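Right, one structure below, let's go through it.
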Amino acid sequence: GDSVTQMEGPVTLSEEAFLTINCTYTATGYPSLFWYVQYPGEGLQLLLKATKADDKGSNKGFEATYRKETTSFHLEKGSVQVSDSAVYFCALAGNQAGTALIFGKGTTLSVSS
Amino acid sequence: GAGVSQSPSNKVTEKGKDVELRCDPISGHTALYWYRQSLGQGLEFLIYFQGNSAPDKSGLPSDRFSAERTGGSVSTLTIQRTQQEDSAVYLCASSAQAGTANYGYTFGSGTRLTVV
């Protein structure tokens, strides 16, 4: 079945460092891909998405490109801030209507000043 | 409502007791999803509703778990004879329509269940 694998954390960075969180997927057909973020004490929020190959999703300085050839959707940010400290989840939606989002296990990011 | 509302936010229960968790989705959202978030396990899909029917119950971990949705709105997740391994954060999400290809979910803040 469909699945998502993301790098295990925690990831610890200094402010203004470059961030990459790896995400790869296994799916039939052409899924849509998402990154969700969960800030401390809050619910999950959609960060960005891409619905077809080569699409780039972006939001709040974060970017991820849908790479079908490598089945990847890595999350990147050029300069992280302390406020980016959170848990990041990669997710996919199969192309069959009504199927639930499948999430990775989450990666905890901790940014220090 | 403005967002997805879940209640209670925290629940401590004794092993063997039944619990009910409530989710009030965004008004007009036809699709509703329940997930369980356990430490180190990510988000585990439990059940999905389209309107009042549940086309996909494949994630319910045992027959102690059940869920219903009435009036195409509020949903209740019931866990009978709770066990310590049921301790987790239970998350509810809704979306405007069943297909998720172009719609993300809106999540509630969750119910943290602790079974002692």
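Can you work out which of the residues in region A:32-46 that are more than 7 Å from chain B (Cβ to nearest Cβ) and of a type in the set (A, V, I, L, M, F, W, C) is farthest from A:V87 (Cα to Cα)?
Restricting to residues being more than 7 Å from chain B (Cβ to nearest Cβ) and of a type in the set (A, V, I, L, M, F, W, C), the top hit is A:L33.
Quick test for you: out of A:T20, A:T28, A:T70, A:T108, pick the one residue that is surrounded by fewer than 17 Cβ atoms within 10 Å (Cβ to Cβ) and touching a His at 6+ places or on another chain (Cβ under 9 Å).
The unique qualifying residue is A:T20.
Among the residues of region A:63-98 satisfying the criterion of being touching a residue at least 60 places away in the same chain (Cβ under 8 Å) and hydroxyl-bearing (S, T, Y), which is nearest to the other protein chains (Cβ to nearest Cβ)?
Filtering first and then ranking leaves A:Y88.
Counting residues that are more than 22 Å from A:Y36 (Cβ to Cβ), which strands (runs of 3 or more DSSP E) fully inside region B:1-46 reach at least 3?
Qualifying strands (runs of 3 or more DSSP E): B:10-13, B:19-24.
Quick one: in region B:12-39, of everything that is among the hydrophobic types (A, V, I, L, M, F, W, C) and touching a residue at least 60 places away in the same chain (Cβ under 8 Å), which residue is nearest to the other protein chains (Cβ to nearest Cβ)?
Once the filter is applied, the top-ranked residue is B:A31.
Restricting attention to region B:90-110, does a residue exist that is more than 10 Å from chain A (Cβ to nearest Cβ), in contact (Cβ under 8 Å) with a residue 60 or more places away in the chain, among the hydroxyl-bearing types (S, T, Y) and part of a loop (DSSP other than H, G, I, E, B)?
No.
Among the candidates B:G42, B:G71, B:G59, single out the residue that is out of contact with any strand residue (DSSP E or B) (no Cβ under 8 Å at 6 or more places or on another chain) and without any contact (Cβ under 8 Å) to a residue 40 or more places away in the chain.
B:G71
So B:G71 fits all but one of (1) assigned to a strand (DSSP E or B); (2) away from chain A (no Cβ under 11 Å); what number is the exception?
(1)
Here, each number is a calculation from the coordinates, and none is a lab measurement. It should be emphasised that the depicted structure is a prediction, and the values quoted were computed from it without experimental measurement. Glycine gets a Cβ as well: all are built from the backbone with ideal geometry, and neighbour counts include every protein chain shown.
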